[in-house]
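Report on one structure; see the data block that follows.
The values are calculated or read from the model by the stated rules, or taken from the named source; none is laboratory data. Since the structure is predicted, the reported quantities are computational estimates derived from the model, not experimental observations. Here the Cβ positions follow ideal geometry from the backbone for every residue, glycine too, while neighbour counts run over all protein chains shown. Each accessible area value is taken on the protein alone, full model and side chains, heavy atoms only, with ligands, DNA and RNA left out. Shrake-Rupley method; radii C 1.70, N 1.55, O 1.52, S 1.80 Å.
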Amino acid sequence: IMKELFARGRLDYRSPILIVCPVSLGSKWIKEMKERFGLYFHLHDGDSLRHMLQTILKEGIFPQGYLLSVVGLQLLRREDYLNMLRNIDSRRSEPLFELVVIDEAHHMRNSETDSNELGTMLSSMSEMMLMLSATPLNLRNEDLFNQMHILNPAAFPDLTTFETLQSPVIKLNR
């Protein structure tokens, strides 16, 4: 999808792209993006993530080498980083990221969690968002709604609207 967006001119090599995944998958994402697509992403630890967010807050730009970033969900949802993101979000007038990719997005299904708040905030801070999950159909309607609401709150403002839009699909699946 990313390569298609590059080919269509929706992304270029100056586009800030963030991949959020479980910590255990960060190295795999780095390797795959490099070997398969020739894209060199930075894998954040706490220090580099803090440096990136503080530089964005102070200077309004990404530090060199951080336009393409991978960060662990467990790290990014920590309160200190969430606070920095909230601060950035309150000051910005345009999207911070051209694309945010969330791997294992089902971790954002519960609306009462920091992960869900993070997903919602990243969605509002990005031009485009891609949420990946191998288990979306194993979720309850409310869980799937919570993820769809992160992706497009205007199309899925509440559970009733989501269920109304989903009912023709359920009939087709039967």
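A few notes on this one:
- Amide proton proximity set for LEU43, modelled H, under 5 Å, gap of 5+: VAL70
- Annotation: amide H-H contacts under 5 Å for SER111 (H modelled 1.01 Å from N, sequence separation of 5 or more, or interchain): none.
- Taking amide H as placed 1.01 Å from N in the peptide plane, the amide H of MET129 sits under 5 Å from that of VAL100, each at least 5 places away or on another chain.
- Computed with every protein chain present, the accessible area of ILE61 is close to 90 Å² [probe 1.4 Å].
- Shape call, the range 1-103: gyration tensor on alpha carbons, a/c limit 1.5: oblate
- Of THR160, THR113, the residue with the largest accessible area leads and the full order is THR160, THR113 (1.4 Å probe).
- Computed from label points 7 Å out along Cα-Cβ, the spacing between ASN87 and LYS3 is 4.0 nm.
- Degrees separating the helix 114-124 axis from the principal Cα axis of the chain, which is the longest one: 80
- Backbone geometry of the range 56-64 corresponds, through the Karplus equation with coefficients 6.51, -1.76 and 1.60 at θ = phi - 60°, to 3J(HN,Hα) couplings of 4, 5, 7, 10, x, 9, 7, x, 4 Hz, x marking Gly and Pro.
- Label point distance in nm, MET121-LEU43, each placed 7 Å from Cα along Cα→Cβ: 2.4
- Of the residues ALA105, THR160, MET84, the one whose Cα sits farthest toward the positive end of the charge dipole of the range 54-174, with +1 on the Cβ of Lys and Arg and -1 on the Cβ of Asp and Glu, is THR160.
- Computed from backbone phi with θ = phi - 60° and the Karplus coefficients 6.51, -1.76 and 1.60, the 3J(HN,Hα) list for the range 74-87 is 4, 6, 5, 8, 4, 4, 5, 6, 4, 5, 5, 5, 4, 5 Hz; x is used for glycine and proline.
- Segments 89-95, 119-125 sorted - mean Cβ within 10 Å per residue, highest first: 119-125, 89-95
- Largest-first ordering by accessible area, 1.4 Å probe, given options THR55, THR135: THR135, THR55
- ³J(HN,Hα) computed for each position of the range 17-26 - Karplus, 6.51 cos²θ - 1.76 cosθ + 1.60, integer Hz, glycine/proline x: 10, 10, 10, 10, 8, x, 3, 5, 9, x
- Each helix, a run of at least 4 DSSP H residues, gives -39500 (n - 2.57); summed and divided by the residues of the chain, these come to -15000 deg cm²/dmol at 222 nm.
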